[in-house]
Amino acid sequence: MMAMMSSSAKELAAMGADIVITADAGYMTSSVKEIIQVAARAGGHVTVHAGKYMTSSLKEMIRAGNGNVTIVI
């Protein structure tokens, strides 16, 4: 079960919040990339727990964030 819908996380990111996405959040890669892009535009930072994401997906997330992403391994 998701603690928060990805759309709500995007709204918070758009307000400049730094976001931490845990492995248990259950977000699809595309949703995480959208959150990262929104956060980067607003000057925020996103930390992603690598848990359930493939390396190729993590690389996509990093590219989407333009330096505003931390990966927790």
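The values are calculated or read from the model by the stated rules, or taken from the named source; none is laboratory data. Just so we're clear, the structure is a prediction, and the values are computed from it rather than from any experiment. Using ideal geometry, Cβ is built from the backbone for each residue, glycine included, and neighbour counts are taken over all protein chains shown.
Observations, loosely collected:
- Single residue of K52, K59, K10 found to be free of Cβ contacts under 8 Å to residues at least 12 places away in the same chain and not polar (S, T, N, Q): K59
- Across segment 25-41, the number of residues qualifying as of a type in the set (G, A, S), modelled with pLDDT of 95 or more and surrounded by 17 or more Cβ atoms within 10 Å (Cβ to Cβ) comes to 3.
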